[in-house]
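Heads up, the thing below is written out as C-alpha cells.
All of the numbers you see were taken from the coordinates with simple rules; none came from a lab. Predicted model only: the values in this text are computed from it and were never measured. Cβ atoms come from the backbone with ideal geometry, glycine included; neighbour counts cover every protein chain shown.
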Amino acid sequence: QVQLVESGGGLVQAGGSLRLSCAASGSIFSRNTMGWYRQAPGKQRELVATIASGGITNYADAVKGRFTISRDNAKNTVYLQMNSLKPQDTAVYYCNAKRPGSSSWGRGTQVTVSS
C-alpha cells in the first residue's frame, strides 16, 4: 500500500498557475502509475492526467495543453503543473498510485479558480 500526501492547492485568479505535489511512501514508487484526478462539487471524480512508470503521459481533453504531469522517482513525488487556469478547474484534486492489484488515494487538495 502507498501513502500519498498532496500539497500546493489554493486560490488563484483565472489565467494563473499552480503546481501540485504528491509525496508518496510505503511502496516502490517507481513501479506505480501515478495520476491526478479531480472532483468538483456535485460531480463525479474524473481523470486529469496519468504518468506511467516509464514516463508515458495521458491527459483529459479538458486540460491538454494547459496541465503537465511529471514525476521524480528519486524524490518519490509526482507533480501537476497547471497553467492558464479556468474557473471550471475548481475542484478537489486527488493523487492516485496504481499497480496491478492495488490502488491508493491521497486525501486531496482544494484548487479554487476565481473569475
Max mean-square fluctuation residue, GNM over the chain, Cα-Cα springs under 10 Å, options GLY26, GLY101, GLY35: GLY101
Region 97-108 - phi-based ³J(HN,Hα) in whole Hz, Karplus 6.51/-1.76/1.60, Gly and Pro as x: 10, 9, 8, x, x, 8, 8, 10, 10, x, 8, x
Expressed in whole Å with the largest first, what are the equivalent ellipsoid semi-axes of region 39-94 derived from the C-alpha gyration tensor as the square root of 5 times each eigenvalue? 21, 12, 11
Using unit Cβ charges (K, R positive; D, E negative) and no other charged atoms, how large, in debye to the nearest 20, is the dipole of the chain about its Cα centre? 140 debye
Can you list residues from other chains, or at least 5 along the same chain, whose modelled amide H is less than 5 Å from the amide H of PHE67? ASN83
Bins of 10 Å, starting at 0 and running to the largest distance - Cα pair percent for region 5-63: 18, 46, 31, 5
Are there any trypsin sites (Lys or Arg not before Pro) in region 19-98 that are in a DSSP loop and have at most 16 other Cβ atoms within 10 Å? List them by number. LYS43, ARG45, LYS64, ARG66, LYS75
Quick one: give the max-minus-min coordinate of the C-alpha atoms of region 12-115 along each principal axis, largest first, in Å. 40, 25, 22
